[in-house]
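Participant: Sharing a structure here in structure tokens format.
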Amino acid sequence: VVDRQAWLATAAASLKRIASRHKLVAVVTNHVIADFSRGGCSGLSFYGRGADPVSPALGLLWSHCVTTRCFLEKRQVDPP
């Protein structure tokens with residue numbers, strides 16, 4: 001686990017350095033996974049109270065490496 005975290009931190013730093021040097025934007029996805037061990041649907045989450053708690057699939061370290069977050073969510077809409 002430590003080797004993985006060290007690699008992720010190095011990769012994030014490299015991406016930031018390259019993007020800054022060349023005035024680019026780096027887009028990286030970090031899927032989230034449901035984590036029902038955090039109190040089920042009654043706990044707090046990224047989406048607020050009552051939503052399913054989620055955890056970043058690449059771990060907490062990667063979630064702290066980002067400067068901007070964009071959450072995309074698929075919802076089923078009932079017909080009118």
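The values are calculated or read from the model by the stated rules, or taken from the named source; none is laboratory data. Note that the structure is a prediction, hence the values are computed from the model and not measured. Positions of Cβ are backbone-derived with ideal geometry, glycine not excepted, and every protein chain shown enters the neighbour counts. Only protein heavy atoms, including side chains, enter the accessible area calculation; ligands, DNA and RNA are left aside. Shrake-Rupley method; radii C 1.70, N 1.55, O 1.52, S 1.80 Å.
Participant: Exactly one of (1) modelled with pLDDT of 80 or more; (2) over 26 Å from R75 (Cβ atoms) is unmet by V1. Its number?
Facilitator: (1)
Participant: Please determine whether any residue of region 7-23 is assigned to a loop (DSSP other than H, G, I, E, B), modelled with pLDDT under 80, of a type outside the set (A, V, I, L, M, F, W, C) and surrounded by fewer than 14 Cβ atoms within 10 Å (Cβ to Cβ). Give the derivation first.
Facilitator: Step one: filter region 7-23 for residues assigned to a loop (DSSP other than H, G, I, E, B), giving 23.
Filter once more, so that each one left must be modelled with pLDDT under 80: none.
Checking region 7-23: not a single residue is assigned to a loop (DSSP other than H, G, I, E, B), modelled with pLDDT under 80, of a type outside the set (A, V, I, L, M, F, W, C) and surrounded by fewer than 14 Cβ atoms within 10 Å (Cβ to Cβ).
Participant: When only residues in region 45-80 that are more than 30 Å from A6 (Cβ to Cβ) and modelled with pLDDT under 70 count, which is most open to solvent (accessible area, probe 1.4 Å)? Walk me through how you get there before you give the answer.
Facilitator: At the first step, the residues of region 45-80 found to be more than 30 Å from A6 (Cβ to Cβ) are 47-52, 73-80.
Subsequent filtering for residues that are modelled with pLDDT under 70 retains 47-52.
Details: Y47: 96, G48: 25, R49: 180, G50: 45, A51: 26, D52: 69 Å².
So, considering only residues that are more than 30 Å from A6 (Cβ to Cβ) and modelled with pLDDT under 70, the one most open to solvent (accessible area, probe 1.4 Å) is R49.
Participant: When residues of region 60-80 are filtered for being in a loop (DSSP other than H, G, I, E, B) and either in contact with a Leu (Cβ under 7 Å, 6 or more places away or on another chain) or of a type in the set (S, T, N, Q) (or both), how many remain? Write out each step before concluding.
Facilitator: Looking only at region 60-80, we keep the residues that are in a loop (DSSP other than H, G, I, E, B), and these are 64-80.
From what is left, the residues that are either in contact with a Leu (Cβ under 7 Å, 6 or more places away or on another chain) or of a type in the set (S, T, N, Q) (or both) are 67-68, 76.
Selection size over region 60-80: 3.
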